[in-house]
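Only one structure is covered here, and it is reproduced in the block below.
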Amino acid sequence: MSNLLGYTGKRVIVSGCFSGMGEATARALIDLGAEVHGLDFKDSTLPLASFNRVDLRDPASIEAAVAAVGGKVDALFNCAGLPGGGAFPAMDTFKVNFAGTRHITETVLPLMGPGSAIVSIASTGGLGWSRRIPVHMELLQTQGFDGAVAWAEAHADQVAEGYAFSKEAVIVWTQFMCARLIRQGIRINCTLPSPTQTPMMDTFQATSGKEVVDAAAEPLGRYSTAEEQANGLLLINSDLAGIITGVVLPVDGGFMGSLATGQIDISKMMKRG
């Protein structure tokens with residue numbers, strides 16, 4: 001399996017490696033023989049090739065962390081993120097989930113060559129992306145971290161509590177960038193996890209309501225594990241994924257399929273607006 005996925009000897013960066021999906025991803029990559037460089041706001045105890053603290057709300061911190069890794073990078077896993085629902089200031093959530101994710105990617109890209117791959121964790125909470133593509137395309141015309149933040153501050157009504165909008169932005173940005181990057185031989189994709197049992201779950205339940213979270217766990221009938229979500233990230237960033245790019249991949253136990261075919265009551269998902 002290690003040879004099939006092609007991670008042996010690859011240099012990879014995992015943001016958000018302290019806990020949850022990021023930790024599970026970094027751990028699996030180590031087991032698969034990759035040289036794993038971790039980034040997070042909190043220290044990791046994993047046996048990483050290197051670890052650098054990073055604050056995705058601060059572009060200078062991002063640039064310093066990537067510079068410390070240096071060298072060639074074969075794969076980037078954007079796993080860091082903040083929940084919404086008022087658990088954090090809306091602008092902090094936007095900065096981490098979109099502005100910081102985009103900036104770390106743009107900072108790593110010069111270190112990547114043909115055959116490299118990028119994957120970001122989006123969310124089923126970002127399913128409204130298709131209803132406001134023009135808004136997101138306006139955001140995507142901004143330059144750099146500061147440009148994205150300035151746009152968000154001027155459009156606070158769109159950003160709202162930060163989480164849903166930032167995850168929508170990750171989805172649209174992934175699709176926007178795919179054609180440009182594949183010309184360089186670089187792939188970019190994102191995943192849509194179903195509710196996952198990670199340290200952030202208590203916050204999600206408290207802010208969104210347990211009934212809303214549970215509705216998104218149908219039809220699997222349980223929350224996914226961090227390891228199951230990591231497997232989706234590993235697969236789509238692997239050599240096995242070939243020329244797959246610009247894909248928004250549900251890793252959700254059938255939620256998206258059930259929603260599309262009317263087997264889930266969407267009103268449950270809208271109770272908290």
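The values are calculated or read from the model by the stated rules, or taken from the named source; none is laboratory data. On a predicted model such as this, the values are computed, not experimentally measured, just so you know. Every residue, glycine as well, gets a Cβ built from its backbone with ideal geometry; the counts of neighbours run over all protein chains shown. Please note that ligands, DNA and RNA were not included when accessible areas were found on the heavy atoms of the full protein model with its side chains. Shrake-Rupley method; radii C 1.70, N 1.55, O 1.52, S 1.80 Å.
The table for this structure:
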| item | result |
| --- | --- |
| Heavy atoms of Met21: accessible area, 1.4 Å probe, square angstrom to 10 | 30 Å² |
| Residues whose placed amide H lies under 5 Å from that of Leu249, excluding near-sequence neighbours | Cys190, Thr191, Leu192 |
| Sorted peptide list for 181-189, 153-161, criterion being average Cβ within 10 angstrom, highest first | 181-189, 153-161 |
| Residues with amide H under 5 Å from that of Ile118, placed H, sequence gap 5 or more | Leu76, Arg187, Ile188, Asn189 |
| Pairs of Cα atoms farther than 28 Å apart, the chain, % | 29 percent |
| Cα-based convex hull volume of the range 1-151 per residue, rounded to whole Å³ | 127 Å³ |
| Rotationally averaged projected area of the range 35-101 (alpha carbon convex hull; nm²) | 4.8 nm² |
| Gaussian network model of the chain, springs between alpha carbon atoms under 10 Å - residue of Ser224, Ser238, Ser258 with greatest fluctuation | Ser258 |
| Accessible area of the range 78-158 belonging to carbon and sulfur atoms, whole % at 1.4 Å probe | 56 percent |
| For the chain, accessible area per residue (1.4 Å probe, heavy atoms of protein chains only), Å² | 42 Å² |
